[in-house]
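Please treat every number below as a calculation from the coordinates, not as lab data. The structure presented is a predicted model; accordingly, all values stated were derived computationally and were not measured.
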Amino acid sequence: MTYTTHTLQAIIGFSVDEQALAQAELYSHLESQAEAVAPTQDPLTSRDRRIIGEIIEVEPESVRTIWIEGGITV
């Protein structure tokens, strides 16, 4: 009995433009995933910053928010 084996080969016509498009799509997906884990909206109000600044004796503008493990804020 004869068996035939089929293999997949790289598409010769795959152009640099298609590769760049695929790379851009990947970056877009990764960016959206990063925003889902670490939202860009800062949970601290200016009043919060002023209070924290007074407690630790720094300017309110220097108080920063650090996102750790997808939602825990410090």
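Things to note:
- Once the Cα-Cα distance is subtracted from the 0.36 nm per residue extended length, the Tyr27 to Arg64 segment shows a gain of 10.7 nm.
- Here the gap between Ala20 and Gln41, fully extended at 0.36 nm per residue and compared with their Cα-Cα distance, gives a gain of 4.5 nm.
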